[in-house]
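Shown next, in structure tokens, is the structure this report addresses.
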Amino acid sequence: MNNKKEYSSVLDLSGRVRLREALPLALQHIVAMVVGCVTPTIIVASVAELSPADRIILIQAGMIVSALTTFIQLFPIGKKNGLQLGSGLPIIMGVSFAYLASLEAIAESSDIATIMGSMIVGGIVAIVVGLLMKKIKKFFPPLITGTVIFTIGLSLYPTAIRYMAGGSGSLDFGSWQNWLIALITLAVVTGLNHFTKGFLKLASILIGMVVGYVLSCFFGMVDLSTIGESAVFQLPKLMHFGIRFDVSACVAMGLLYAVNSIQAIGEFTATTVGAMGREPSEKELQNGMVGYGVANIVSAFLGGLPTATYGQNVGIVVTTKVINRSVLGISAFLLLLAGLIPKFSALLLSIPSCVLGGATISVFASITMTGIKLICSEELNYRNTSIVGLSVALGMGVTQVEGCFALMPEWVSTIFGSAPTMLTAITAILLNQLLPKAKAKDKEKGKAKD
């Protein structure tokens with residue numbers, strides 16, 4: 001009788017792998033995404049002016065739902081030959097910066113419960129996108145998704161600058177100490193990204209934050225009191241923040257979920273093409289989108305913020321060709337474990353605002369450049385540049401002029417004036433459908449001139 005266990009290669013999609021091989025690879029994914037996973041939650045908690053205890057609960061929930069949504073994508077739920085929840089592809093999910101501008105606007109004008117309600121509507125939209133993917137996808141070519149993502153990146157810059165200066169409302173806002181630590185943090189992140197490779201490059205943001213955190217200790221900026229007051233272990237609290245539905249918030253988040261669903265399809269495709277040498281099947285994409293939607297609805301009840309596919313982890317999978325789902329499953333398990341330990345969340349909460357700002361401005365810059373790359377993947381003719389230019393001008397413009405909708409109904413200001421993504425997306429979609437496309441002859445003349 002052969003009692004030897006059969007192990008698969010880390011380069012195989014399915015099968016068990018040796019722990020000593022899988023663990024370092026799993027940690028690599030955690031290092032690459034953990035900062036991006038918790039930072040949006042910390043920022044939203046600050047804008048919503050939550051108590052320290054509630055901030056810890058929100059951070060916990062963010063890590064827990066990131067782990068659960070990753071598990072759903074890795075190991076689909078449902079009948080193999082029917083509709084499933086999850087793509088079955090090697091994908092890491094986490095709380096997304098893409099929603100941050102809209103989440104800040106809702107948290108500032110309303111509360112966390114309203115965010116949870118809008119997430120449920122957004123999850124339903126993502127499910128519809130999955131089920132009607134062929135019909136809807138044509139409304140979101142790279143030009144449109146790129147324009148929206150570009151706007152998201154631009155809209156996040158003020159958030160980063162506020163944090164680099166010390167965080168709105170802080171007594172030392174704009175002090176030289178805050179700027180010194182923020183710039184040193186940014187310098188470390190940038191240096192590691194451009195002058196190193198491997199682990200140091202992957203962990204650049206994490207290492208930058210550690211350096212900034214240590215420097216902050218010398219300036220007396222770190223408050224560790226909440227760590228001692230926090231529990232060692234705590235399960236997520238169902239509907240702790242409540243659920244409230246606001247029409248304007250639901251409309252804004254619903255469209256944003258539609259745009260990010262198309263972006264997720266791009267991430268799925270990049271994963272399979274880059275690491276598996278094939279296009280994703282229609283079933284994988286559909287199941288992935290349905291799982292994405294359902295997971296976000298569940299997240300709302302657990303008190304976590306919106307999740308999305310993580311591009312940096314897609315990059316790791318494509319670079320290493322390590323696609324074994326058990327490896328990524330270990331990453332999700334470690335993230336879940338961290339989410340169940342409030343003291344870990346409290347430690348994250350003690351990170352000074354200037355450190356967060358210095359570390360995340362590079363992330364926001366990366367989001368902006370992702371949008372530019374998508375835009376540039378299509379021909380930059382007069383029609384397309386008009387779509388991009390007008391959409392960004394309107395979206396960004398109205399958010400920078402306070403009171404421009406003052407004499408209009410409140411819902412107009414909430415939907416179009418609080419965050420630029422809604423107006424940008426609607427304008428881009430409408431212009432793309434209405435403006436005449438260049439004829440084949442005109443394209444040939446343009447090429448001849450070049």
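The values are calculated or read from the model by the stated rules, or taken from the named source; none is laboratory data. These numbers come from a predicted model, not from an experiment. A quick note on method: Cβ atoms are made from the backbone with ideal geometry, for glycine too, and the neighbour counts reach across all protein chains shown.
May I ask you to list pairs of residues, at least six apart or on different chains, whose Cβ atoms are under 6 Å apart, with the first in the range 393-404 being over 14 Å from residue 152 (Cα atoms) and the second being modelled with pLDDT of 85 or more and of a type in the set (A, V, I, L, M)?
Correct list of pairs: 404/398.
How many of the residues in the range 213-222 are in a loop (DSSP other than H, G, I, E, B) and either in contact with an Asp or Glu (Cβ under 7 Å, 6 or more places away or on another chain) or loosely packed, with under 12 Cβ neighbours inside 10 Å (or both)? Steps first, answer last, please.
Of the range 213-222, the ones in a loop (DSSP other than H, G, I, E, B) are 219-222.
If we keep only those that are either in contact with an Asp or Glu (Cβ under 7 Å, 6 or more places away or on another chain) or loosely packed, with under 12 Cβ neighbours inside 10 Å (or both) as well, we get 220.
Selection size over the range 213-222: 1.
Just name the residue that is farthest from residue 223 (Cα to Cα) out of those in the range 161-202 that are small (Gly, Ala, Ser) and modelled with pLDDT of 85 or more. Walk me through it before giving the result.
Applying the first criterion (small (Gly, Ala, Ser)) to the range 161-202 yields 165-170, 174-175, 182, 187, 191, 198.
Those left that are additionally modelled with pLDDT of 85 or more: 165-166, 174-175, 182, 187, 191.
Values: 165: 18, 166: 14, 174: 19, 175: 18, 182: 18, 187: 24, 191: 28 Å.
Ranking the candidates gives 191 first.
So which of 15, 36 is touching a residue at least 60 places away in the same chain (Cβ under 8 Å) and under 23 Å from the mean Cα position of the chain (by Cα)?
On the way: 15 fails: under 23 Å from the mean Cα position of the chain (by Cα).
The unique qualifying residue is 36.
Would you point out which residue out of 391, 386, 299 is touching a strand residue (DSSP E or B) at 6+ places or on another chain (Cβ under 7 Å) and at pLDDT 85 or above?
Numbers: 391 fails: touching a strand residue (DSSP E or B) at 6+ places or on another chain (Cβ under 7 Å); 386 fails: touching a strand residue (DSSP E or B) at 6+ places or on another chain (Cβ under 7 Å).
Answer to the selection: 299.
For the range 413-450, give me each residue that is part of a helix (DSSP H, G or I), at pLDDT below 80, within 25 Å of residue 140 (Cα to Cα) and hydrophobic (A, V, I, L, M, F, W, C).
415, 416, 422, 440
Would it be correct to say that residue 239 is of a type in the set (A, V, I, L, M), under 23 Å from the mean Cα position of the chain (by Cα) and outside any helix (DSSP H, G or I)?
On the way: of a type in the set (A, V, I, L, M): yes; under 23 Å from the mean Cα position of the chain (by Cα): yes; outside any helix (DSSP H, G or I): yes.
Considered against the rule, which asks whether it is of a type in the set (A, V, I, L, M), under 23 Å from the mean Cα position of the chain (by Cα) and outside any helix (DSSP H, G or I), residue 239 comes out as yes.
Can residue 304 be described as farther than 25 Å from residue 48 by Cα and buried (at least 19 other Cβ atoms within 10 Å of the Cβ)? Don't jump to the end; show me each part of the working.
Working: farther than 25 Å from residue 48 by Cα: no; buried (at least 19 other Cβ atoms within 10 Å of the Cβ): yes.
The answer is no for residue 304.
Filter the range 311-337 down to residues that are more than 17 Å from residue 13 (Cβ to Cβ) and touching a Ser or Thr at 6+ places or on another chain (Cβ under 8 Å), then give me how many there are.
Result for the range 311-337: 2.
Among 329, 357, which is part of a helix (DSSP H, G or I) and under 17 Å from the mean Cα position of the chain (by Cα)?
Values: 329 fails: under 17 Å from the mean Cα position of the chain (by Cα).
Result of the check over 329, 357: 357.
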